[in-house]
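**Q** Can you read through this structure? Questions will come right after.
The values are calculated or read from the model by the stated rules, or taken from the named source; none is laboratory data. The structure presented is a predicted model; accordingly, all values stated were derived computationally and were not measured. Glycine gets a Cβ as well: all are built from the backbone with ideal geometry, and neighbour counts include every protein chain shown.
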Amino acid sequence: MDSESQQDPTPIDLPMPILFGKPPKMHRIVDSRKLTLPRVDSSLSTYLPKAPAQAVLGHAVDRVLALPSVGSKSFLITIADRTVGGLTVRDQMVGPWQTPVADVSVTATSLTPGIKTGEAMAMGEKPTLALISAGASARMSVVESLMNIAAASVENRLSKIRLSANWMAASSHPGEGAALYEAAEAIGMQLCPALGVSIPVGKDSMSMKTKWEGKEVTAPLSLIISAFAPVNDISSTWTPALRRPEDVGETVLMFVDLADGKKALGGSALAQVFGQVGDEAPDVRDVDFVKDFFHAIEQLHESDIVLAYHDRSDGGLFTTLVEMMYAGRCGVEIMLDKIVKSGRTQDLVDTLFNEELGAVFQIRKKHYNEFKGVFAPLNPISIGTVPKQPKQDLAMYYGTDCVYRATRKELQQKWSQTSWAMQRLRDNPECADAEKSNMEDDQDPGLRYKLTFKPQENIMSYTTTLTSQIRAKPRVAILREQGVNGQSEMAFAFASAGFSPIDVHMTDILSGRFSLASVVGLAACGGFSYGDVLGAGQGWAKSVLLHEGARNDFQNFFQRKDTFALGVCNGCQFLSRLTDIIPGAESWPTFERNVSEQYEARVCMVEVSDPPSSSQPPSVFLHGMHGSHLPIVTAHGEGRATFSSTGTSTPQHLLDQGLVSLRYTDNYLRPTERYPFNPNGSPLGITGVRTPDGRVLALMPHPERTILKDVSSYLPPGQTEEWGEFGPWIRMFRSARRWCG
C-alpha cells in the first residue's frame, strides 16, 4: 500500500485512543513576559569607545570569529569516527584541505554500485533569539535546517523533508511556559503547514533549571531542529568550498537575501561578543520567499551550474564568505555597494553581521543571466569575485574605498583559535600547534590523486567465460570479534572484486564450527575488539594464541602458500600481535597510542611504497600500485608503529627490506612524521607492513571505506569521471582476486 496513493491514502486507519488511551488534557495557566532589552549599537562606539574608527570593524571580526558557535569545531570533529560503514558521502570536512564547514550530511542508501540515492540530514538552532522572540527563534530554527539541507539534491524539495523537534525549556519559570506555547504554535500551527513540511517526531526536556543554595541557573527556551530527506543524487551535493578561476574560469559570488533587506542584529554572534542580546530578532520575513528559494534550488541542482553554496547563519554574511574562502584556499573580493547604504561603520556592521536568512552561491560568470532568471522573485545580487591571483586575501570595498582587508591565513587562524586552545588543553599541545601552523601555507596543494594505475582497468589474469562465471568464487573469511564494526564494507569490497565473502565470528573458530582451511583469504576488520581495554588488538590476538585449536587453525592457514590475509585498523593491530605464527612477520612493529594522545579520524595522503623490484614478490594486494599517492580514511586511537629497536626490528630496517607497503605523506607527497598529515606519529610515516612473500598485509588506514567513488570526502573535479562507480582503492581487492587466478 502507498500512503500517497489517491485510491487508498490511509492504509492504516486507527482512532488515536486505541494507541494512546484517553489521558486527561493538561491545562496550564502561564504568564507572558517580555524582557526589556537595549538595542544593539551597530556603530560599536558604546562597546569600543577608545578604538579608532578604522579599527572598529577589525575588532568586531576578531571577536566574532573566536566565538565557539562561529569558530572551527575541528577539535570535536576529528575525534569521532565519521566513515564507519562505508556509506558516508558528506561529513563536516570539505575540500582538499578538509575544512569543517559543511552545511549538510549525506549518506548513501546502500553499498550498491550504480545506486545514487541516499539520505540527507541537517540541523537548525537559534536559542539566543528566544530571549527576544520565542516565535522568531522557532521559525528561524526550522528554516535554518531547511537552508542547510538545500545543499543536498533532494527531489521535490520541501514536500519530502521531515523534521524532528527537540524542545528544551524551564517551563515552570515565569514567562517560559508562555514562550514555549508561542514557539510551538509558530511552527506547528503556522510556518510548517504553510511550507508543507511536517514534524512527525521529537522529544522534550521541560526542566531546564537548577537551584542550589539560593542560586539558580535557568536555560533559555531552545528548539533544535533536525531535518531529514531522501536524496536522489548523492554526487551532486554542494559544499562551501570556493573554486579557483584557474580551474573553472571567471566566477561571481551571488547573494540571495530572504530578509527583504532587513538587518536585525538581535541574538547575533556580534551582539553576544559585546555582552548584548538586542531588542529585534531576525525572522522568517515572508514564507513565500522560502518557497521561491527552494523552487529555485531544485532547478539549480538539475542545471548543475552552482560551484559552491553556503547559507548565512551564525556570524552573518562575513562568516559565510570567509568560511567559503577557507575551504577553497583562495582570495575573495567583495563589492558592498549594492547591499550597504554607506561606508559608515554602522552600515557595514549591520550588513556583515546580521544573521537574517540568506545564502551565497558561486557560479561561472557565463551563467549569471541563467542564475538571475531562476532566482528572479528574490532579486539575487552579485557581490564579489574570486580573483585570479596568488594572494589569498579577503578585500571588501565600498565604492573605491577598501573598508576591510585581511589574509586568508590570518582570518582562518582567528577562526580556529578557540578550537586550537581546547585541543591544546585536551591533547598533546605540540600536535595542536603543528596543525594550526599548517594554515599558514598558501602553497599547500591539499589532497590529490597521483596514480600509477587506472582505477577502471581490468587486471584480471583470466578471460571471463560462461564457465568462469559459474565456477565457485574464491572464499574469503570476513573475520570479526566482539566490538568489531567494519565487516560490512570489508565484505562489500571483496564481493565487488569477485570474491565470496563469508561472515566469520571468532566464536565460530573457537567452537570449531568453522575452519580457515575452507577459505583462501582472511580479512580482519576494523573496530574496537574488547573495547581496546587490553590494548588495541591484544585481547583479540590472545583469544587466538591462548586457544590451542584456534592457534593451530590460524598457524596452518598462514603456512599455506595458496592463502592471503589482510588486517585493517583493529585487524592490523590484531595481526601485529600474531607475528609468532605469521612467517616473515618477525620484524613487524606493534601499534601503540597516537602521539596526539587522541583518537584520530581524518583523511590523509599515503604513498604506496610496495617495492616493484624482482628481489621480492609484489604484495598480493598492490599489483601495479607502486608509487601512487592518494587520500585514504584513517580512524584509530592506537596507530603509532612502535619497534623493539633491535637490529632486525627498526623502522629503517623494515623499509630497507622492502616490507613497508604504505607510508603517510604530506600534501607535497613527501613521507612525513608531521601531524596531522601523519595522524599517529609513526616513524618514517610507516602505516602498512607486509610479509616477504607478499601474502599478508597489515595497515592502519581504511581502504575498504571508500570503495564506492561517491563516498570519498573529496574528489578532484574533472579527474574522476573515467573511474566509473568505484574509487581507486578497489584496485587492492581486484589485485588479490587477480592473484587467486
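**Q** Keeping to segment 500-533, report how many residues are in a loop (DSSP other than H, G, I, E, B), touching a residue at least 40 places away in the same chain (Cβ under 8 Å) and farther than 21 Å from I582 by Cβ.
**A** Number of matching residues: 1.
**Q** Separate question: When residues of segment 516-537 are filtered for being crowded, with 24+ Cβ neighbours inside 10 Å and either aliphatic (A, V, I, L, M) or not assigned by TED's automatic domain parsing to the domain that holds T579 (or both), how many remain?
**A** So the answer is 3.
Conditions (1) of a type in the set (D, E); (2) farther than 19 Å from E489 by Cβ; (3) free of Cβ contacts under 8 Å to residues at least 24 places away in the same chain, marked per residue:
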position: G535; (1), (2), (3): no, yes, no
position: V544; (1), (2), (3): no, yes, no
position: H547; (1), (2), (3): no, yes, no
position: G567; (1), (2), (3): no, no, no
position: F574; (1), (2), (3): no, no, no
position: D580; (1), (2), (3): yes, yes, no
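Yes/no matrix, rows are residues, columns are (1) in contact with a Phe, Trp or Tyr (Cβ under 9 Å, 6 or more places away or on another chain); (2) within 27 Å of L37 (Cβ to Cβ); (3) surrounded by fewer than 24 Cβ atoms within 10 Å (Cβ to Cβ):
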| position | (1), (2), (3) |
| --- | --- |
| Q276 | yes, yes, yes |
| E280 | no, yes, yes |
| R285 | no, yes, yes |
| G328 | yes, no, no |
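**Q** With respect to D247, determine if the residue is outside any helix (DSSP H, G or I) and in contact (Cβ under 8 Å) with a residue 12 or more places away in the chain.
**A** No.
**Q** Turning to a different aspect of this structure: So which residues in segment 384-435 are touching a strand residue (DSSP E or B) at 6+ places or on another chain (Cβ under 8 Å) and farther than 21 Å from G58 by Cα?
**A** T385, V386, P387
**Q** Taking the condition part of a helix (DSSP H, G or I) and surrounded by fewer than 16 Cβ atoms within 10 Å (Cβ to Cβ), does A491 pass?
**A** no
**Q** Checking the condition without any contact (Cβ under 8 Å) to a residue 60 or more places away in the chain, hydrophobic (A, V, I, L, M, F, W, C) and within 30 Å of V360 (Cβ to Cβ), which residue from A102, A51, A80 passes?
**A** Result of the check over A102, A51, A80: A51.
**Q** Then there's this: Out of segment 702-726, which residues are under 30 Å from V595 (Cα atoms), touching a helix residue (DSSP H, G or I) at 6+ places or on another chain (Cβ under 9 Å) and in a loop (DSSP other than H, G, I, E, B)?
**A** Within segment 702-726, I707, S712, S713, L715 meet the criteria.
**Q** Can you pull out the helices (runs of 4 or more DSSP H) entirely within segment 311-397 that have at least 2 residues that are without any contact (Cβ under 8 Å) to a residue 12 or more places away in the chain?
**A** By residue number, 368-374.
**Q** For segment 668-695, which positions are surrounded by 21 or more Cβ atoms within 10 Å (Cβ to Cβ) and farther than 23 Å from G637 by Cβ?
**A** Result: R690, T691, G694, R695.
**Q** Another question about this same structure. Taking into account only those residues within segment 79-97 that are out of contact with any Ser or Thr (no Cβ under 7 Å at 6 or more places or on another chain) and closer than 23 Å to S313 by Cα, which is surrounded by the most Cβ atoms within 10 Å (Cβ to Cβ)?
**A** Out of the qualifying residues, it is W97.
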